[in-house]
Amino acid sequence: MQLLCRSKVSTILVMLGLCLAASVDAAQTGLVFVSNERSNTITILNSADEVVGSFKTCGRPRGLRLTPDRKQLIVGCGSDDTVALYDVATQKLTRRFRNIADPETFDLHPNGHDLYVSNEDDSEATVLNLQTGAVTARFPTGAEPEGVLITPDGRYAFVASEAASLVHVIEVEAQKIIKNILVGTRPRRFALSPDGHELWVSAELSGTVDIIDIGVLKVVGTVSFLPRGMRRENVTPVDLVMTRDGQRAYVALGRANHVGVVDVPRRKVIDYILVGRRPWGLRLTKDERKLYVANGLSDDLSIIDTTTGRVLKSVPVGMVPYAIAVDDD
């Protein structure tokens with residue numbers, strides 16, 4: 001009888017283990033989502049980098065990110081003045097937050113519910129509470145704010161103003177802008193070093209990335225880009241990402257049709273990788289072996305093998321792909 005009971009218990013434990021394993025697998029779909037701002041769609045790729053579907057979404061979808069539990073996809077709908085939530089597993093709309101003026105990009109505070117949004121047409125940044133749907137704060141910015149980044153400790157939120165060439169520093173606890181940092185012409189996006197000491201910001205019309213020391217909130221360095229055979233005015237950095245060890249940064253160079261590879265400690269460009277036309281959005285996989293590149297004018301995704309620095313394949317997506325989210329965390 002005891003042996004039979006133990007057998008039943010073992011069977012139950014095995015079944016439970018299988019269920020748990022299945023839930024873990026389900027939580028990490030490996031899907032890649034790409035927002036296409038001209039065709040108003042989200043393209044979906046599987047972990048084998050094959051397009052497995054797409055769905056119509058809001059007007060001019062731009063910023064994308066997954067919620068911390070990876071169950072929902074947050075989409076900024078620029079033409080609809082809406083932030084939308086979609087279920088990752090079913091790709092069904094679960095909630096809309098309306099009257100969020102021209103949301104472009106955003107970042108989520110570590111508290112899990114305060115979404116800091118750049119509102120391009122209104123020259124401000126707003127804080128949207130994803131639990132209540134209320135806008136709880138507004139911060140005036142320079143014209144055409146875009147990039148938003150919140151430090152992992154939740155202390156600062158940074159917002160880039162393209163037209164003013166400023167990075168606005170919001171002190172989250174005080175809920176006020178404490179500094180405006182002058183950077184290169186037309187700042188677009190951010191990357192934070194893993195140690196939290198440096199904020200890298202792309203300056204599109206300067207052809208550079210400026211480096212801000214978080215401790216003193218000042219620009220302390222600059223990296224310039226110029227692929228061989230390119231005119232300087234055609235080098236227009238937009239998105240950038242940094243590896244977890246802080247050794248490499250990848251920068252989408254816009255009209256130069258390349259991704260720049262930077263040795264971060266030396267602040268030196270070590271390679272240029274030819275991709276599609278006008279690369280804008282970037283995203284690394286969790287293992288950092290692949291870099292996805294959204295090419296805004298060739299309507300495709302370049303997939304780079306980071307170990308070789310070569311493009312593995314190019315995948316057609318929607319019209320004017322903008323941002324990428326990868327469900328592999």
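Consider residue 285 against the criteria (1) buried (at least 17 other Cβ atoms within 10 Å of the Cβ); (2) touching a Lys or Arg at 6+ places or on another chain (Cβ under 9 Å); (3) at negative phi: it satisfies all of them except one. Which criterion is unmet?
For residue 285, the failing item is (2).
Spot the failing condition for residue 255; the list is (1) within 21 Å of the chain's Cα centre (by Cα); (2) part of a strand (DSSP E or B), and only one is missed.
Condition not satisfied by residue 255: (2).
Residue pairs, Cβ under 8 Å, 6 or more apart or interchain, first in the stretch 73-93 and among the charged types (D, E, K, R), second outside any strand (DSSP E or B). List them.
Close Cβ pairs satisfying both conditions: 80/58; 80/59; 80/60; 81/99; 81/100; 81/101; 81/102; 87/71.
Please go through the stretch 45-59 and give me each residue that is surrounded by fewer than 21 Cβ atoms within 10 Å (Cβ to Cβ) and under 19 Å from residue 293 (Cα atoms), ordered by number.
46, 47, 48, 49, 50, 51, 52, 53, 54
Residue 115 passes all but one of (1) more than 16 Å from the chain's Cα centre (by Cα); (2) modelled with pLDDT of 95 or more; which number fails?
(1)
Name the single residue, out of those in the stretch 274-329 being outside any strand (DSSP E or B) and among the hydrophobic types (A, V, I, L, M, F, W, C), that is nearest to residue 45 (Cα to Cα).
Within the stretch 274-329, the subset outside any strand (DSSP E or B) is 275-278, 285-289, 296-299, 306-309, 317-320, 327-329.
Next, only the ones that are among the hydrophobic types (A, V, I, L, M, F, W, C) stay: 275, 297, 317, 319-320.
Values: 275: 18, 297: 19, 317: 9, 319: 16, 320: 16 Å.
Only one residue fits best here, namely 317.
From the list 107, 87, 80, which one is surrounded by fewer than 23 Cβ atoms within 10 Å (Cβ to Cβ), over 24 Å from residue 28 (Cβ atoms) and among the acidic types (Asp, Glu)?
Details: 107 fails: over 24 Å from residue 28 (Cβ atoms); 87 fails: over 24 Å from residue 28 (Cβ atoms).
Going through 107, 87, 80 in turn, just one is surrounded by fewer than 23 Cβ atoms within 10 Å (Cβ to Cβ), over 24 Å from residue 28 (Cβ atoms) and among the acidic types (Asp, Glu): 80.
Among the residues in the stretch 80-89, are any β-branched (Val, Ile, Thr), closer than 26 Å to residue 132 by Cβ and more than 20 Å from the chain's Cα centre (by Cα)?
We begin by selecting, within the stretch 80-89, every residue β-branched (Val, Ile, Thr); these are 82-83, 88.
So of that shortlist, the ones also closer than 26 Å to residue 132 by Cβ come out as 82-83, 88.
From the residues that got through so far, the ones that are more than 20 Å from the chain's Cα centre (by Cα) too are none.
No: the stretch 80-89 contains no residue that is β-branched (Val, Ile, Thr), closer than 26 Å to residue 132 by Cβ and more than 20 Å from the chain's Cα centre (by Cα).
Can you find a residue that is within 17 Å of the chain's Cα centre (by Cα) and of a type outside the set (A, V, I, L, M) anywhere in the stretch 123-132?
Taking every residue of the stretch 123-132 in turn, none turns out to be within 17 Å of the chain's Cα centre (by Cα) and of a type outside the set (A, V, I, L, M).
Of everything in the stretch 88-124 that's outside any strand (DSSP E or B) and among the charged types (D, E, K, R), which residue is nearest to residue 150 (Cα to Cα)?
Per the stated criteria, the residue is 120.
Here are 152, 194, 227: which of them is in contact (Cβ under 8 Å) with a residue 40 or more places away in the chain, in contact with a helix residue (DSSP H, G or I) (Cβ under 7 Å, 6 or more places away or on another chain) and not in a strand (DSSP E or B)?
On the way: 152 fails: in contact with a helix residue (DSSP H, G or I) (Cβ under 7 Å, 6 or more places away or on another chain); 194 fails: in contact with a helix residue (DSSP H, G or I) (Cβ under 7 Å, 6 or more places away or on another chain).
227 is the lone residue from the list that is in contact (Cβ under 8 Å) with a residue 40 or more places away in the chain, in contact with a helix residue (DSSP H, G or I) (Cβ under 7 Å, 6 or more places away or on another chain) and not in a strand (DSSP E or B).
Only one of these conditions is not met by residue 261: (1) in contact with a helix residue (DSSP H, G or I) (Cβ under 9 Å, 6 or more places away or on another chain); (2) β-branched (Val, Ile, Thr); (3) not in a loop (DSSP other than H, G, I, E, B). Which number is it?
Only one criterion is unmet by residue 261, namely (1).
Conditions (1) of a type in the set (S, T, N, Q); (2) touching a Pro at 6+ places or on another chain (Cβ under 9 Å); (3) buried (at least 19 other Cβ atoms within 10 Å of the Cβ), marked per residue:
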site: 295; (1), (2), (3): yes, yes, yes
site: 300; (1), (2), (3): no, yes, yes
site: 303; (1), (2), (3): no, no, yes
site: 309; (1), (2), (3): no, no, no
site: 313; (1), (2), (3): no, no, no
site: 324; (1), (2), (3): no, no, yes
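Part of a loop (DSSP other than H, G, I, E, B) and not polar (S, T, N, Q): does that describe residue 271?
Working: part of a loop (DSSP other than H, G, I, E, B): no; not polar (S, T, N, Q): yes.
Criteria not met by residue 271.
The values are calculated or read from the model by the stated rules, or taken from the named source; none is laboratory data. None of the values given here were measured: they were computed from a predicted structure. Glycine also receives a Cβ, built like all others from the backbone with ideal geometry; neighbour counts cover every protein chain displayed.
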